[in-house]
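J.: If you scroll down you'll find the structure; I have some questions about it.
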Amino acid sequence: KEPLVHLTHRNIRDGLVKSYTWTDTEARLLFEAGTKPVRPFTLLRKFGMEFIRRLILKKGYKDGMEGWIESFQQAINRFFVYERLWELQQKPTLDERYQLIEKEIVKQWEKK
């Protein structure tokens, strides 16, 4: 019945630290739920729709510069969630791919 005042972080740094933790957690939950493979358009759509939702539909613009920054930050967070989800969906993993590349580089160096 009363409006909610939600002060989640006091500065940009704290917001970024919070984002780092929560975007990874959310991506893992989406991965475990079997979310469809992430495509390039998925990243653009998730970013754009979150920005529109926060800034226009939720009327973030009424909060002035803070609303614009928060809307953009939340859109970036949404992008990071799906970027991390994409990474989790890779088979072989990016780490495994890099290990193969590193082995090939070492092999080439040893030939010289």
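J.: Report every pair of residues separated by at least 6 positions or lying on different chains whose Cβ atoms are under 8 Å apart, first residue within segment 15-43 and of a type in the set (Lys, Arg), second open to solvent by less than 90 Å² (accessible area, probe 1.4 Å) and at pLDDT below 95.
T.: Short answer, once both residue conditions are applied: LYS18/THR8; LYS18/HIS9.
J.: Would you say LYS46 is surrounded by 12 or more Cβ atoms within 10 Å (Cβ to Cβ), free of Cβ contacts under 8 Å to residues at least 40 places away in the same chain and either more than 12 Å from the chain's Cα centre (by Cα) or not in a loop (DSSP other than H, G, I, E, B) (or both)?
T.: In short, yes.
J.: Please go through segment 70-106 and give me each residue that is among the basic types (Lys, Arg), free of Cβ contacts under 8 Å to residues at least 12 places away in the same chain and within 15 Å of THR42 (Cβ to Cβ), ordered by number.
T.: none
J.: If the requirement is being modelled with pLDDT under 95 and at negative phi, which of these qualifies: TYR61, TYR82, TYR20?
T.: TYR20
J.: Right, something else. Give segment 26-46 a look and list any residue that's within 16 Å of ASN77 (Cβ to Cβ) and of a type in the set (D, E, K, R), or say none.
T.: Answer for segment 26-46, where residues must be within 16 Å of ASN77 (Cβ to Cβ) and of a type in the set (D, E, K, R): GLU26, ARG28, ARG45, LYS46.
J.: Mind telling me which of the residues ALA33, ALA27, ALA75 ends up being among the small types (Gly, Ala, Ser) and open to solvent by 60 Å² or more (accessible area, probe 1.4 Å)?
T.: ALA33
The values are calculated or read from the model by the stated rules, or taken from the named source; none is laboratory data. These numbers were taken from a predicted model, which means no experiment stands behind them. When we count neighbours, we look across all protein chains shown, and the Cβ atoms used for this are built from the backbone with ideal geometry, even at glycine. Areas reflect the complete protein model, heavy atoms only, side chains present, ligands, DNA and RNA absent. Shrake-Rupley method; radii C 1.70, N 1.55, O 1.52, S 1.80 Å.
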